[in-house]
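Have a look at the structure below before the remarks.
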Amino acid sequence: NEIQWCRDMIRNYRPDHILHQNDQWRYCNIVRSDVVYKAPAWIGNGCPRSYQQLISGGGKCGPRAWMGRFACKSFGIPTWGVRQPDHAAMSHWTKSGEWVICLGGPNWMKSYWEDRNGVDFELETRARTFCGIGRHSGYNEEKDAYNYGEYEKNVFWLQCIVEIHQEVQIGSQNGNYLQRPVDERLWSELVLLQKKILARYVTEKNVQRDGMSLHCNTKRNLANIIQERADIEENCSFRDDGTIIIPASLCRNLRQNGQNVIQTKCFLPEGGNQIHVRGNACLEYTVNVPTTSLYTLRARIVTVHARQNTLQVKVRDGSLPFFCFWQWYEL
């Protein structure tokens, strides 16, 4: 399915996005690196539109926001759609308990989804975080049981009164924070006030959990795998059958290519590093072959774009298929 495809694609094609140091751009940075901002170009007339096509065909704010949310969801990160005046963006949860806006302005008051304003959504996430901290480090059964009841008592039952009085929810109108006369919003304003009171107790320190977050566990496990392979010394290896294995990281002119070439840790079973080419670049390798012979050059390549620049090896050109798994390609 497409979720599995997305996980495989980012793990193989851009593993650096998985271990991004900035929680805001982990996973969804694939949008900034690969989904070009332009009118979308769908591949194949009449073919079902998919995220595989989107990453190659590009798109403006809407498709880019879809792709960002999809990338986060593929790795289990909760997301919330965000619309802003004349713009589409996205938001997602971070391990600190905070929700952040990506691909748009960091303004919750100007953000909304359907009839709900971003201010109300962001406050509720923090209020729920405080009241649902769970068995974290320093868990106090009596105190935390009280926290669970706080949301139910101070927010949930007030929200029921809002429904009974059929008040319009705190929401948005044309992207602006919705203002209403006091007599039309008394109970809903009380709900918002209670959320603010609960939300102010939330800090990054009191939402840290010890081993209870799938996201944190996944990232920690991946980091451990990378760390175990960090000390691997990569050199050319020579097999008995005459095969010569040349690690991609042995490129001798890596720095000369500037930002067009990135070296990143690799998730392949043998570990090591991989090279990601972002633009026109020339990669040079020097190999001392043990015997004079006729050699066939094969490169292990992963690419997800249907439209590519020509790959040139000396005087031979070749076009590559696009796939999200590592494949051997004979040049």
Handout entry: Pairs where the first residue, in the stretch 86-107, is closer than 19 Å to GLU124 by Cβ and the second is open to solvent by 50 Å² or more (accessible area, probe 1.4 Å) and acidic (Asp, Glu), C-beta under 7 Å, 6+ apart
Key = SER96/GLU204; GLY97/GLU204
Fill in the blank from the handout: GLN52 fails exactly one of (1) more than 17 Å from the chain's Cα centre (by Cα); (2) surrounded by 15 or more Cβ atoms within 10 Å (Cβ to Cβ), namely (1)
Completion exercise
Going through (1) out of contact with any Gly (no Cβ under 9 Å at 6 or more places or on another chain); (2) open to solvent by 40 Å² or more (accessible area, probe 1.4 Å); (3) under 20 Å from ALA88 (Cβ atoms); (4) free of Cβ contacts under 8 Å to residues at least 60 places away in the same chain one by one, SER33 fails only at (4)
Exercise for the section: Would you be able to tell me the number of residues in the stretch 287-301 that are open to solvent by less than 80 Å² (accessible area, probe 1.4 Å) and in contact with a strand residue (DSSP E or B) (Cβ under 9 Å, 6 or more places away or on another chain)? Expected result: 4
Completion exercise
ARG64: passes all of (1) open to solvent by 20 Å² or more (accessible area, probe 1.4 Å); (2) within 11 Å of the chain's Cα centre (by Cα) but (2)
Handout entry: Subset of the stretch 256-286 (residues that are part of a loop (DSSP other than H, G, I, E, B) and open to solvent by 50 Å² or more (accessible area, probe 1.4 Å))
Key = PRO269, GLU270, ARG278, ASN280, CYS282, LEU283, GLU284, TYR285, THR286
Practice task
Of all residues in the stretch 1-30, count the ones that are acidic (Asp, Glu), surrounded by 15 or more Cβ atoms within 10 Å (Cβ to Cβ) and more than 19 Å from LEU268 (Cβ to Cβ).
Solution key: 1
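The values are calculated or read from the model by the stated rules, or taken from the named source; none is laboratory data. All values reported here derive from a predicted model rather than from experimental measurement. Heads up, the Cβs are rebuilt from the backbone with ideal geometry, glycines too, and the neighbour counts pull from every protein chain shown. Surface areas here come from the heavy atoms of the whole protein model, side chains and all, with no ligands, DNA or RNA. Shrake-Rupley method; radii C 1.70, N 1.55, O 1.52, S 1.80 Å.
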